[in-house]
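Asker: Before we start, here is the structure in question, set down as structure tokens.
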Amino acid sequence: MTVTTLASGSSGNCILLSSGGDHLLIDAGISARRIAKALAALDLTPDNLSAILVTHEHSDHITGIATLTKHHAIPVYTAAPTARQLNYRIPFLEDLLHPVEAGVPFSIGSLEINAFPTLHDAACPVGYAVTDGIHKAAVVTDLGAVTDEVRNSVHGAQLLVAEANHDVDMLQSGPYPYPLKARILGDHGHLSNNACGALCAQAEAWGCSRVVLAHLSKENNTPQLALDTVTTALGGDMQVTVAPRDNAGPVYTVEG
């Protein structure tokens, strides 16, 4: 099993998870052209995609779906309330939509997937945990607080893609208007570096060996600050990297 971030940040989010001949996109928040280009660098095309898993309906997670699914009949899986939102925005998508229930595992090819609920200001936001029976990876971004559902779903993952959106001091002293600051800092906003560090420390105690920090704010964080904050919270064995904002990151192998 491998995981590659194709883009990560408020301008667009897209992750590729592959295992054998199964290839899943988790979100498609960049243009279809950029997705196709990133896939080509990995010797893949959109026709190789088994499915698109959508976390929620905000534009930085769904921008490329309309064009991708117009030219390639790729099934789209997401929570039922999110599926309704996508159907409103992309009328021809209905036949490709597969609504799922958070907490109820489903299968795509050889992979078992669990969509677990997260706290964010969207219709029904979810994260995803994916396993091939031996390896497990989890993606947890766009959440204001870590719940028991998140912790339970991350448990046992060897690789974690986790949101480290902002440094609280940078955000509070920065130029954002107060209502936006309050939204980001709230329980349905985004995860801070410190909160991410606490989640990663728990994952490390459960055997996770790598975390990729994702969805960093351009204005309220820096890659080095996120890296330093999360690393300080860990015991030292977990490998920590930061997902690039505007281009694909390295291919990470999920070590069982």
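The values are calculated or read from the model by the stated rules, or taken from the named source; none is laboratory data. This is a predicted model, so every value here is computed, not measured. FYI the Cβ positions are ideal-geometry reconstructions off the backbone, even for glycines, and counts take in every protein chain you see. Calculation scope for accessible area: heavy atoms of the full protein, side chains included, ligands and nucleic acids excluded. Shrake-Rupley method; radii C 1.70, N 1.55, O 1.52, S 1.80 Å.
Asker: In percent, what relative contact order does the stretch 191-238 have, based on Cα pairs under 8 Å that are 6 or more apart in sequence?
Answerer: Computed over the stretch 191-238, the figure is 61 percent.
Asker: Which number comes out as Rg/Rh for the stretch 8-52 once both Rg and the Kirkwood Rh are worked out on C-alpha atoms?
Answerer: 0.94
Asker: Sticking with this one: Can you pull out the GluC sites (Glu not before Pro) in the stretch 152-256 that DSSP calls coil and that have at most 12 other Cβ atoms within 10 Å?
Answerer: Passing both the DSSP loop test and the Cβ count: Glu219, Glu255.
Asker: To continue, here is another question. Give the shape of the stretch 94-156 as rounded, prolate or oblate, defined through the alpha-carbon gyration tensor: a ≥ b ≥ c are the square roots of its eigenvalues, a/c under 1.5 means rounded, and otherwise the shape is prolate if a/b is larger than b/c and oblate if not. Walk me through the numbers before you get to the answer.
Answerer: Details: a/c = 2.36, a/b = 1.11, b/c = 2.13.
Verdict is oblate for the stretch 94-156.
Asker: Additional query: Quick check: at a probe of 1.4 Å, how many percent of the accessible area of the stretch 1-64 sits on carbon and sulfur atoms?
Answerer: Answer for the stretch 1-64 is 49 percent, counting heavy atoms of protein chains only.
Asker: Quick one: grab Rg to one decimal and Dmax as a whole number for the stretch 131-256, Cα atoms only, in Å.
Answerer: Answer for the stretch 131-256, Rg first and Dmax second: 14.3, 47 Å.
Asker: Report the antiparallel proportion of the DSSP beta bridges in the stretch 5-92 as a percent, rounded to a multiple of 5.
Answerer: 60 percent
Asker: Is the C-alpha gyration tensor of the stretch 1-123 telling us rounded, prolate or oblate? Criteria: a/c under 1.5 is rounded; beyond that, a/b larger than b/c is prolate, otherwise oblate.
Answerer: Judged from the Cα gyration tensor, the stretch 1-123 comes out rounded (a/c under 1.5).
Asker: Treating only the Cβ atoms of Lys and Arg (+1) and Asp and Glu (-1) as charged, compute the dipole magnitude of the chain about its Cα centre; round to the nearest 20 debye.
Answerer: My answer is approximately 520 debye.
Asker: Which order do peptides 36-44, 102-110, 58-66, 24-32 fall in by mean Cβ count within 10 Å, highest first? Don't jump to the answer; show the numbers that get you there.
Answerer: Numbers: 36-44: 14.7, 102-110: 13.1, 58-66: 21.2, 24-32: 24.3.
Ranking, from highest mean packing down: 24-32, 58-66, 36-44, 102-110.
Asker: Could you tell me which of Gly174, Cys196, Asn114 has its Cα farthest along the dipole of the chain towards the positive end, charges placed at Cβ (Lys, Arg +1; Asp, Glu -1), taken about the Cα centre?
Answerer: Checked the options; the winner is Gly174.
Asker: So what's the back-of-envelope 222 nm ellipticity for the chain, counting only DSSP H runs of four-plus at -39500 (n - 2.57) apiece and dividing by all residues, rounded to 500?
Answerer: Computed ellipticity for the chain at 222 nm equals -8000 deg cm²/dmol.
Asker: Using a 1.4 Å probe on the protein heavy atoms, what percent of the accessible area of the stretch 105-171 belongs to carbon and sulfur?
Answerer: Values: 1060 of 2100 Å².
Here carbon and sulfur together make up 50 percent of the probe-accessible area.
Asker: Also: Under the definition of Cα pairs under 8 Å and six or more residues apart, what whole-number percent is the relative contact order of the chain?
Answerer: 19 percent
Asker: Okay, moving on. Looking at Ala51, Gly20, Ile30, which one has the Cα that reaches farthest to the positive end of the dipole of the stretch 16-58 (charges on Cβ: Lys, Arg +1; Asp, Glu -1)?
Answerer: The residue sitting farthest along the positive end of the dipole is Ile30.
Asker: Please state the charge dipole magnitude for the stretch 13-76, taken about the Cα centre, from unit charges on C-beta atoms (+1 on K and R, -1 on D and E), reported in debye and rounded to the nearest 20.
Answerer: So the dipole magnitude of the stretch 13-76 works out to roughly 220 debye.
Asker: For the stretch 138-249, what relative contact order do you get, as a whole percent, if you take Cα pairs closer than 8 Å and at least 6 residues apart?
Answerer: 33 percent
Asker: Projecting each Cα onto the charge dipole of the chain (Lys/Arg +1, Asp/Glu -1 at the beta carbon, about the Cα centre), which of Thr82, Gly235, Val139 comes out farthest on the positive side?
Answerer: The listed residue farthest towards the positive side: Thr82.
Asker: So, one more: I'd like to check one number: the per residue accessible area of the stretch 168-256, probe 1.4 Å, reported in Å² as a whole number.
Answerer: Result: 50 Å² of accessible area for each residue.
Asker: Compute the Kirkwood hydrodynamic radius of the chain, taking the inverse of the mean of 1/r over all pairs of distinct Cα atoms, and give it in Å to one decimal.
Answerer: For the chain, the Kirkwood estimate is 17.9 Å.
Asker: Mind running the shape call on the stretch 63-209? Use the C-alpha gyration tensor, a ≥ b ≥ c as the square roots of the eigenvalues: rounded below 1.5 for a/c, prolate if a/b tops b/c, oblate otherwise.
Answerer: Oblate shape, in that a/c is at least 1.5 and b/c is the bigger or equal ratio.
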